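Below: the structure, in structure tokens.
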Amino acid sequence: MFTGIVEEIGTVREIAFPGGQESDAVLTVHGALATSDAHLGDSIAVNGVCLTVTGVGQDGSFTADVMPESLRRTALGDLAAGSPVNLERAVRADTRLGGHIVQGHVDGVGELVSRTPGERWDDLVLSAPAGLTRYVAEKGSITVSGVSLTVTHVGETTFGVSLIPTTLEATILGSLVPGDRVNLEVDVIAKYVERLLGAREPHGDGAPGARTPSTATDLLGTSAAQERAPR
């Protein structure tokens, strides 16, 4: 579990494909802070993708295996030696949750459409895969390449965010140019709410045709009926 508050910008030392380009990858990343207390099996988010540490070097680097599924569904395959990456260690239970709940499970890959510089900030417009903006809400949270951001507006296939000076300086988002790909993770709560509201069971309570509530109206109606029922 992460918070979307990037701790440092690391550097890719190497991305190797032991079984060929269509195979899994072994990623080596240098990050002095991320590795300062890293152990085998720990989780580190690399550009918003939760990876498991498989090796820790004496030079402040760590290695992680990247499965073909992750390469297909994220922009990690775009990385090369020298690429800067956002790094965040897994959150501890005794620290503040500065951003929002981030799983490190990427929902899709978007692109930077445009950026408009302000006096001390930048306004960014990013694209999202078809159907993903349904989970994005104005003033809600979204994770862009591991950075927890507040959504400023939402369109059919795009959304906007604003970057404060700290975000511009302390993450790789400050150097993005139009066309660059980014990893997107929407708020996990939205996905679970949709799943719960859309759940249907043909025989939910054993009676023919019974089902679970599938809409907010169903849920409210069920609740009202329970309140009216004699006790």
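The values are calculated or read from the model by the stated rules, or taken from the named source; none is laboratory data. These numbers were taken from a predicted model, which means no experiment stands behind them. Here Cβ is always computed from backbone atoms with ideal geometry, including for glycine, and neighbour counts include all displayed protein chains. For accessibility, only protein heavy atoms count, side chains too; no ligands or nucleic acids. Shrake-Rupley method; radii C 1.70, N 1.55, O 1.52, S 1.80 Å.
Within the chain, the longest run free of exposed loop sites, counting GluC sites (Glu not before Pro) that sit outside DSSP helix and strand states (H, G, I, E, B) and have at most 13 other Cβ atoms within 10 Å, spans 23-118.
Which of rounded, prolate, oblate describes the range 108-199, given a ≥ b ≥ c as roots of the alpha-carbon gyration tensor eigenvalues and a/c under 1.5 marking rounded, otherwise prolate only if a/b is larger than b/c? Verdict is prolate for the range 108-199. Under 5 Å between amide hydrogens, built in the peptide plane, is the criterion, and for Thr152 it picks out Lys139, Gly160, Val161, Ser162 among residues at least 5 positions away or on other chains.
Surface composition of the chain: carbon plus sulfur atoms hold 53% of the accessible area, using a 1.4 angstrom probe and ignoring ligands, DNA and RNA.
The heavy atoms of Leu51 offer some 10 square angstrom of accessible surface to a 1.4 angstrom probe.
The residues Val151, Val177, Val91, sorted by heavy-atom accessible surface at 1.4 Å with ligands and nucleic acids left out, run Val177, Val91, Val151 from largest to smallest. Considering only Val85, Ala130, Ala25, the residue lying farthest towards the positive end of the dipole of the chain is Ala130, judged by Cα position with unit charges set on Cβ.
Extending 7 Å from the Cα toward the beta-carbon at both Thr157 and Ala90 defines two label points whose distance is 3.8 nm. Across the protein chains, with a 1.4 Å probe defining accessible surface, the residues Ile189, Ile15 rank Ile189, Ile15 from largest area downward.
Among the trypsin sites (Lys or Arg not before Pro) within the range 39-106, those in coil by DSSP and having at most 12 neighbouring Cβ atoms inside 10 Å are Arg92, Arg96. The stretch between Leu168 and Tyr192, if pulled fully straight at 0.36 nm per residue, gains 5.5 nm over its current Cα-Cα span. Over the chain, Cα pairs under 8 Å with separation of 6+ residues give a relative contact order of 20 percent. Accessible area per residue for the range 108-199, computed on protein heavy atoms with a 1.4 Å probe, is 50 Å². When the charge dipole of the chain is built from unit charges on Cβ atoms (+1 for Lys and Arg, -1 for Asp and Glu) and taken about the Cα centre, the candidate among Val102, Thr116, Ile9 whose Cα reaches farthest toward its positive end is Val102. A probe of 1.4 angstrom, applied to the heavy atoms of all protein chains, finds Asp78 with accessible area near 90 square angstrom. Taking Rg and Dmax of the Cα atoms in Å as calculated from this structure, the corresponding entry among (1) 19.7, 62; (2) 20.8, 70; (3) 18.2, 54 is (2).
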